[in-house]
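Where a number appears in this text, it was derived from the coordinates with a stated rule and is not lab data. Worth saying up front: this structure is predicted, and the values here are computed from it rather than measured. Here the Cβ is made from the backbone with ideal geometry for all residues, glycine too, and neighbour counts use every protein chain on show.
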Amino acid sequence: AARGPPPHVALLSSPGMGHVAPLAELARRLHDAHGFTATVLTYASSDSAAQRAFLTSLPPAVGAASLPAVPLGDLPAGAAIETLLSVEAQRSVPALTAVLSGLKSTTNLVAFVADLFGADTLRAARDAGVPGYLFFPSNLLMLSLMLHLPRLDAEDAAEFRDLPGPVRLPGCVPVPGADILQPLQDRASDAYRWMVHHGERYRDAAGILVNTFDAIEPGAAVVLRQPEPWRPPVYPIGPVTRQATDGAAADATGCIDWLDAQPERSVLFVSFGSGGALSTAQTRELARGLELSGHRFLWVVRSPTDGGANPGESYYDGSRSKDDPRRFLPPGFAERTKALGHVVPSWAPQTRVLAHRATKAMLTHCGWNSVLESLAAGVPMIAWPLYAEQRENAAMLCEETKVALRPEVGGADGRLILAGDIAEVVKEMMDGEKGEAARAKVAELKAAAASGLEPGGASYETLAKVVSEWKAASGSS
Ligand code: UDP
């Protein structure tokens, strides 16, 4: 039979490299494994040099385009990041509908995929006559929370942290109310209402692809893989992560050269993602804790923010510290730790660092991409959650998956993690029995992640099933 044009998929990413990267990697996978061509759509507001460089590194069959800017100036100053992302998505629907209609006439467009803040854009897919799916770049615990949120909201008027017991979602590890997604901690806030809205709109999706794999959260996977009439089918297809070879040529940060000179499995990598920053006091405690531990470390230091700053800011500005963050470290720190430590300002080639033979563990803010990259590299974690859904992730990784350790939170205000407690957890991770147990468990998960992505593996076959549905619906199988 004559072969038609290859199937095409359009994917729209919320602002922020933590959203763009996994969605673009999904496009790459659809191309490499299933013969798709793809268009990765982004918002004008999220344009940055890092993002452009990343998008141009994709195969030629995966194109990129930016939606025209929509005005957001009428939103109150200091509006929550969730509000900005949600309003931008809604206002972009007309332009998106035009883009999808255009792609429909020029390509064999079989599906549209939006991500976690994009449920309102599924309307554009409907109007253009294309099946609309969601890609959820977090885990099943978090997706389950989003899907149950409209019900939880209607049932109980208390704040999550005031509930008598932990939040229990079917198949999921119980989560203390205070660890629930940060924008849900204030029911009176716009951010909270937006999240409830998205939870409702998720039901409009023809299916929800999730960047996780069964072995991380087996209980939730069993429950969510079952079809239910009240929600779309859920497809765990991960891990979808950036490749370690990303930008392999140059390493301007010197991280890899420094790691090359360190002994096998001896280094703790310390990073808080693209947007995470600590307070000045906390930055100093961390510095002292690393020094006290006596272990080797590679630390990506950010300039501190002392309250007020919106951690999601980096979604819009590409996250570059304006000052050299090293000047916030304790006096003499660099000199005293130069034999054991390496500090880089702002940014490190993370996937390459994690894949390096000298790296033994990672201290992470538990952003989901970082977690998946760490698991894929077989690197156990110290969980130091900061915002968004990171506390939920930390609870899951420590209590259920058991691939992470958590420092005590002490200090006068009950919020600071003190140097002594940091040193303790670092020593335990690098040298102790609990660290060893987490390392053994993470080795299992690394193997499960890799085999799941092979033909016959759970994640591979799940994506293949979605692909065949797309092709069948469009008559291009
Ligand atoms: N990242 C990196 N170098 C850094 C910090 C972050 O390459 O110094 C990458 C990291 O590998 C991951 C992403 O940025 O792919 C961060 O995503 P994550 O979901 O972990 O956290 P977020 O930045 O969204 O809070």
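Worth pointing out:
- Compactness check for the range 344-477: Cα Rg over 2.2 N^0.38 Å is 1.29.
- Amide H contacts under 5 Å for Leu405: Met381, Ile382, Ala383, restricted to partners 5 or more places along the chain or on a different chain, H placed in the peptide plane at 1.01 Å from N.
- The chain - percent relative contact order, Cα under 8 Å, separation 6 or more: 15 percent
- Centre separation in Å (Cα based) which lies between the range 194-212 and the range 147-164: 18 Å
- Ranked His295, His34, criterion: other C-beta atoms within 10 Å, fewest first: His34, His295
- Along the chain, the longest continuous region that contains none of the GluC sites (Glu not before Pro) in a DSSP loop with at most 15 other C-beta atoms within 10 Å is 1-263.
- Straight-line reach from Lys441: taking Cα to Cα under 22 Å and skipping same-chain neighbours fewer than 8 places apart, the lysines in range are Lys360, Lys402, Lys427.
- Rh by Kirkwood over Cα pairs, then Stokes-Einstein D for the range 171-257 at 0.692 mPa s and 37 °C, µm²/s: 200 µm²/s
- For the chain, the longest principal axis of the Cα atoms and the long axis of helix 419-431 meet at an angle of about 70 degrees.
- Fewest-first ranking of His198, His31, using other Cβ atoms within 10 Å as the exposure measure: His31, His198
- Relative to the dominant Cα principal axis of the chain, helix 140-155 is inclined by about 80°.
- Residues Gln243 and Ala334, FRET efficiency given R0 of 25 Å [Cβ-Cβ distance, rounded to 0.05]: 0.20
- The convex hull around the C-alpha trace of the chain, projected and averaged over every direction, spans 22.4 square nanometres.
- Axis of helix 81-91 versus longest Cα principal axis of the chain: the two differ by about 20°, to the nearest ten degrees.
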